[in-house]
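Worksheet: the structure to be examined is printed underneath.
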Amino acid sequence: MCDSAINKKDKTIKLFTIGFAKKSAEEFFEKLHRAGIKCLIDIRLNNVSQLAGFTKKNDLEYFLRAIANIKYKHEVSLAPTKDILDAYKKKKIDWNEYERRFFELLEVRTPEKNLCSDDFDYVCLLCSEPRPEKCHRRLVAEYLKRKWNNVEIHHL
């Protein structure tokens, strides 16, 4: 639980996002290192898939620590539900409907009340999509920016 009274509302929080698809391990870890990332928050629903390659949970946690001294955290409260994700992947809903449902889910979950904005400075949200335009990591970043007001978003 976060005590919002201790959040410094006048301090700008630099929040980053990254997707691992279509990136080599070298490119991925160099981007994080060059940006000065302190902690990577994995917001994928499934972080142990064989398709994740070097970003499977245990491997990723090790690589982040060993290569760049970056902490790792998995935060499922910032992931879509299986129902929303499956509906989009199976083309039962379009991207606009996915966005609407995901924002509704975040409003119900209220992650901004359980997470401290100060803890998100130089943090990077991880998902799989190569670009942020149609990825929930962008939606999470935008949601947190609306709720905390002091967030500056950078997509790596």
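Of all residues being of a type in the set (S, T, Y) and without any contact (Cβ under 8 Å) to a residue 40 or more places away in the chain in segment 19-60, which is surrounded by the fewest Cβ atoms within 10 Å (Cβ to Cβ)? Just the residue, please. Among them, the one singled out is S24. Exactly one residue out of V140, V151 is closer than 26 Å to G53 by Cβ, crowded, with 17+ Cβ neighbours inside 10 Å and in contact (Cβ under 8 Å) with a residue 24 or more places away in the chain: that is V140.
State all residues of segment 58-99 that are of a type outside the set (A, V, I, L, M) and in a loop (DSSP other than H, G, I, E, B); if no residue qualifies, say none.
Restricting attention to segment 58-99, the residues satisfying the condition of being of a type outside the set (A, V, I, L, M) are 58-59, 61-63, 65, 69, 71-75, 77, 80-83, 86, 88-92, 94-99.
Scanning segment 58-99 gives N69, E75, P80, T81, K90, K91, K92, D94.
If we keep just the residues of segment 65-86 that are within 27 Å of K113 (Cβ to Cβ) and of a type in the set (A, V, I, L, M, F, W, C), which is surrounded by the fewest Cβ atoms within 10 Å (Cβ to Cβ)?
V76
Residues in segment 100-156 that are among the aliphatic types (A, V, I, L, M) and assigned to a helix (DSSP H, G or I): L105, L106, V108, L139, V140, A141, L144.
Within segment 64-75, residues that are over 10 Å from C39 (Cα atoms) sit with their Cβ atoms under 9 Å from residues that are small (G, A, S), at 6+ positions apart or across chains, in these pairs: I67/A25.
Only the coordinates and a few stated rules stand behind these numbers; no lab work does. What you see is a predicted model; the values in this text were computed from it and never measured. Neighbour counts run over all protein chains shown; Cβ positions are idealised from the backbone, glycine included.
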